[in-house]
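Participant: After the structure tokens below, expect a handful of questions from me.
The values are calculated or read from the model by the stated rules, or taken from the named source; none is laboratory data. Predicted model only: the values in this text are computed from it and were never measured. Please note: Cβ atoms are built from the backbone with ideal geometry, for glycine as well, and neighbour counts cover all protein chains shown.
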Amino acid sequence: MVRLLAILIAVMGLGLGAAVAQTQVPDGATVVSSVQARAIARKALAEGKLQIADALTAALLVQNPTDAEALMIRALLMRALGRLDEAREHAASAWRHAPTPALRFEAAMLTADVLTRQEKFSRAQFWLRRADQAAPDDQRRAVAARAFGVVRQRNPLQVNLRFSLKPSNNVNNGAETLEIDIGGLPFLIDSSGQQLGGWEGSTGLSFGYRLAENKTARTDILADVFFRKVWLNSEAAILAPAARGSDYDYGALVAGIRHQRLIWPDMGPSTIAGIAGQSWYGGEKLARWVEIQLGQNVKRSEQSALRFGVKARVEKRLDDSINDSRSLGLSAEYLRAIEGGGGYSLGARVQNIWSDSATVDSLILGFSASRTLPKLGPVQPRLSMSAENRDYQKWAATAGGREDRTLSLQIDATWSDVSYYGFVPQATLIARRTWSNVDIYDRNELSLGLTVVSRF
């Protein structure tokens, strides 16, 4: 029970005297339960009687500083008064002390709302992930996801973290055979060039920061950091005793700027981006490059769109200057959403690479298709397939030149209901096969990995 000298004023002011069970004690004070006091405070707040709500919540928190419901009412009151720092502190405290998932959800949502009002959008997104984690049902998880999308649109800083772990039968993109026929004579290549099995762990962090935006244009700074770590298995150690997993580690650092503009509003945004990057392989510098990318979206309907792209790239190889290259690529993609969930895409690309190296200079033709299926039970499946033909135009080491054909299949299975702070597990099966008329360039890869992705 809580003793409040002001309770009589509150009850009379709200006209709730008959509804609140009261008992007179010797000193003349009015005695009500904490539950009744909270109910009166909520009603006072809803009716704009902020002084009454202030007095009641202050008294409740003097008696019990960890009263989560009183902290929530107090946070709402502080928000109404424009005292946002206090509102955030009380809402966060309510989250820490909430006895039920439903109340933790409300407290996290309120904290996120206050942080959004203060334009602390990244922190608000973190609290919305907390709300998603605490949500006791799908309806409230959907509310948190929608709010996350709204805050993400307002946040000038976008951060995307990704990581995966998978076993692979070809962590080094090695050859199926070590023998090559030159002029009718067989030659053997070094055993480290043979395909080796092991594990791949990768992590990536992407940043985007909005510099400027209006109704027809937007400019962002971009950055991306990626690293892949390789561990060889025992069979690989036998095949190539001198090889180490670190020999095949790969890292890349990329930065750039992107500008989007509605030049033709009825069509969709036009994009131009400039990107520079550097990569490392086996602990050594591999390449530096710059790219210019042009893109145009064409909206055909509410369910379908076309994307066209042009990419020009100049690459400086730091391992061997003969591998320096210039390239120009064109791409087109059709995307369509399907009622009831899912969708599909179809794409094609052509790229020409000019280089002094016969193993780099090439003409590439590629096709791709993907299909996102409606959920099958708890799983959201997605199928992707691509085919590529690469003609090495300067190849003269073997008769007939060199031409590689690659077929890739990827199956993603996402468990969207198994969520931890808005992140869900995704299993990915990748099968890739390259057929070359030069045997040492035949390749095959099979891997099954686990990735964690955001469902927002």
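Participant: Determine, yes or no, whether Pro65 is of a type outside the set (A, V, I, L, M), surrounded by fewer than 19 Cβ atoms within 10 Å (Cβ to Cβ), assigned to a loop (DSSP other than H, G, I, E, B) and modelled with pLDDT of 90 or more. Break it down into steps so the answer makes sense when it comes.
Facilitator: Details: of a type outside the set (A, V, I, L, M): yes; surrounded by fewer than 19 Cβ atoms within 10 Å (Cβ to Cβ): yes; assigned to a loop (DSSP other than H, G, I, E, B): yes; modelled with pLDDT of 90 or more: yes.
So Pro65 passes the test.
Participant: Here's something else I'd like to know. From the list Asp324, Asp320, exactly one residue is surrounded by fewer than 16 Cβ atoms within 10 Å (Cβ to Cβ) and acidic (Asp, Glu). Which is it? Please lay out each step first, then the result.
Facilitator: Values: Asp324 fails: surrounded by fewer than 16 Cβ atoms within 10 Å (Cβ to Cβ).
Going through Asp324, Asp320 in turn, the sole match is Asp320.
Participant: Moving on to the next point. When the stretch 70-97 is examined, which residues are found to be hydrophobic (A, V, I, L, M, F, W, C), crowded, with 21+ Cβ neighbours inside 10 Å and over 15 Å from Leu45 (Cβ atoms)?
Facilitator: Once the filter is applied, which keeps residues that are hydrophobic (A, V, I, L, M, F, W, C), crowded, with 21+ Cβ neighbours inside 10 Å and over 15 Å from Leu45 (Cβ atoms), the stretch 70-97 yields only Trp95.
Participant: Can Ser279 be described as small (Gly, Ala, Ser), over 21 Å from Asn173 (Cα atoms) and surrounded by 15 or more Cβ atoms within 10 Å (Cβ to Cβ)? First the steps, then the outcome.
Facilitator: On the way: small (Gly, Ala, Ser): yes; over 21 Å from Asn173 (Cα atoms): no; surrounded by 15 or more Cβ atoms within 10 Å (Cβ to Cβ): yes.
No: the conditions fail for Ser279.
Participant: Right, something else. Against the definition (assigned to a helix (DSSP H, G or I), of a type in the set (Lys, Arg), over 22 Å from the mean Cα position of the chain (by Cα) and farther than 18 Å from Arg38 by Cα), how does Arg96 come out, yes or no?
Facilitator: When the stated conditions are applied, Arg96 passes them.
Participant: Let me ask something additional. Can you find even one residue in the stretch 99-111 that is closer than 30 Å to Arg210 by Cα, in contact (Cβ under 8 Å) with a residue 12 or more places away in the chain and within 22 Å of the chain's Cα centre (by Cα)?
Facilitator: Among the residues of the stretch 99-111, at least one is closer than 30 Å to Arg210 by Cα, in contact (Cβ under 8 Å) with a residue 12 or more places away in the chain and within 22 Å of the chain's Cα centre (by Cα), which makes the answer yes.
Participant: Tell me whether the stretch 415-433 contains one or more residues that are surrounded by fewer than 16 Cβ atoms within 10 Å (Cβ to Cβ), closer than 30 Å to Phe148 by Cα, in contact with a Pro (Cβ under 9 Å, 6 or more places away or on another chain) and of a type in the set (A, V, I, L, M).
Facilitator: Scanning the stretch 415-433, I find at least one residue that is surrounded by fewer than 16 Cβ atoms within 10 Å (Cβ to Cβ), closer than 30 Å to Phe148 by Cα, in contact with a Pro (Cβ under 9 Å, 6 or more places away or on another chain) and of a type in the set (A, V, I, L, M), so the answer is yes.
Participant: Could you give every pair whose Cβ atoms fall below 6 Å, whose first residue belongs to the stretch 134-145 and is more than 13 Å from Tyr421 (Cα to Cα), and whose second residue is buried (at least 21 other Cβ atoms within 10 Å of the Cβ), counting only separations of at least 6 or pairs across chains?
Facilitator: Within 6 Å, the pairs are Arg140/Phe105.
Participant: Of these, Glu339, Glu291, which one is within 26 Å of the chain's Cα centre (by Cα), of a type in the set (Asp, Glu) and surrounded by 14 or more Cβ atoms within 10 Å (Cβ to Cβ)?
Facilitator: Numbers: Glu339 fails: surrounded by 14 or more Cβ atoms within 10 Å (Cβ to Cβ).
Step by step, each of Glu339, Glu291 is checked, and only Glu291 is within 26 Å of the chain's Cα centre (by Cα), of a type in the set (Asp, Glu) and surrounded by 14 or more Cβ atoms within 10 Å (Cβ to Cβ).
Participant: Within the stretch 56-112, which residues are within 16 Å of Ala134 (Cβ to Cβ), in contact with a Ser or Thr (Cβ under 7 Å, 6 or more places away or on another chain) and not aliphatic (A, V, I, L, M)?
Facilitator: Trp95, His97
Participant: Also, quick follow-up: Among strands (runs of 3 or more DSSP E) lying entirely in the stretch 128-198, which contain 3 or more residues that are over 16 Å from the mean Cα position of the chain (by Cα) and modelled with pLDDT under 90?
Facilitator: Details: elements: 157-168, 179-182, 185-188.
Result: 179-182, 185-188.
Participant: Also, quick follow-up: Taking the condition modelled with pLDDT under 90 and among the small types (Gly, Ala, Ser), does Ala19 pass?
Facilitator: Working: modelled with pLDDT under 90: yes; among the small types (Gly, Ala, Ser): yes.
Considered against the rule, which asks whether it is modelled with pLDDT under 90 and among the small types (Gly, Ala, Ser), Ala19 comes out as yes.
Participant: Just to check your reading of the model, which residue among Leu346, Leu330 is modelled with pLDDT of 95 or more, under 20 Å from Pro374 (Cβ atoms) and either surrounded by fewer than 17 Cβ atoms within 10 Å (Cβ to Cβ) or aliphatic (A, V, I, L, M) (or both)? Full working, then the answer.
Facilitator: Values: Leu330 fails: under 20 Å from Pro374 (Cβ atoms).
Exactly one of Leu346, Leu330 is modelled with pLDDT of 95 or more, under 20 Å from Pro374 (Cβ atoms) and either surrounded by fewer than 17 Cβ atoms within 10 Å (Cβ to Cβ) or aliphatic (A, V, I, L, M) (or both), namely Leu346.
Participant: Here's another thing I want to ask about it. Just name the residue that is nearest to the chain's Cα centre (by Cα) out of those in the stretch 259-288 that are of a type in the set (D, E, K, R) and under 30 Å from Gly245 (Cβ atoms). It would help to see each step written out before you state the result.
Facilitator: Let us first name the residues in the stretch 259-288 that are of a type in the set (D, E, K, R), namely 261, 266, 284-285, 288.
Among the residues that remain, those that are also under 30 Å from Gly245 (Cβ atoms) are: 284-285, 288.
Values: Glu284: 29, Lys285: 28, Arg288: 26 Å.
Of everything passing the filter in the stretch 259-288, Arg288 is nearest to the chain's Cα centre (by Cα).
Participant: Please enumerate the residues belonging to the stretch 365-397 that are under 22 Å from the mean Cα position of the chain (by Cα), at pLDDT 95 or above and among the hydroxyl-bearing types (Ser, Thr, Tyr).
Facilitator: Ser370, Ser384, listed by residue number.
Participant: When the stretch 378-430 is examined, which residues are found to be over 30 Å from Ala131 (Cβ atoms) and outside any strand (DSSP E or B)?
Facilitator: Hits for the stretch 378-430 are Gln393, Lys394, Trp395, Ala396, Ala397, Thr398, Ala399, Gly400, Gly401.
Participant: What are the residues in the stretch 382-402 that are of a type in the set (D, E, K, R) and surrounded by 17 or more Cβ atoms within 10 Å (Cβ to Cβ), if any? Steps first, answer last, please.
Facilitator: From the stretch 382-402, those of a type in the set (D, E, K, R) are 382, 388, 390-391, 394, 402; that's our starting set.
Correct list: Arg382, Glu388, Arg390, Arg402.
Every residue, every condition in (1) within 29 Å of Val143 (Cβ to Cβ); (2) modelled with pLDDT under 95, yes or no:
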site: Ala59; (1), (2): no, yes
site: Gly82; (1), (2): yes, yes
site: Ala92; (1), (2): yes, no
site: Val114; (1), (2): yes, no
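Participant: Within the stretch 108-127, count every residue that is of a type in the set (Lys, Arg) and either assigned to a helix (DSSP H, G or I) or buried (at least 22 other Cβ atoms within 10 Å of the Cβ) (or both). Show your work before the answer.
Facilitator: Here is the first cut: in the stretch 108-127, the ones of a type in the set (Lys, Arg) are 117, 120, 123.
Next, only the ones that are either assigned to a helix (DSSP H, G or I) or buried (at least 22 other Cβ atoms within 10 Å of the Cβ) (or both) stay: 117, 123.
Residues in the stretch 108-127 being of a type in the set (Lys, Arg) and either assigned to a helix (DSSP H, G or I) or buried (at least 22 other Cβ atoms within 10 Å of the Cβ) (or both): 2 in total.
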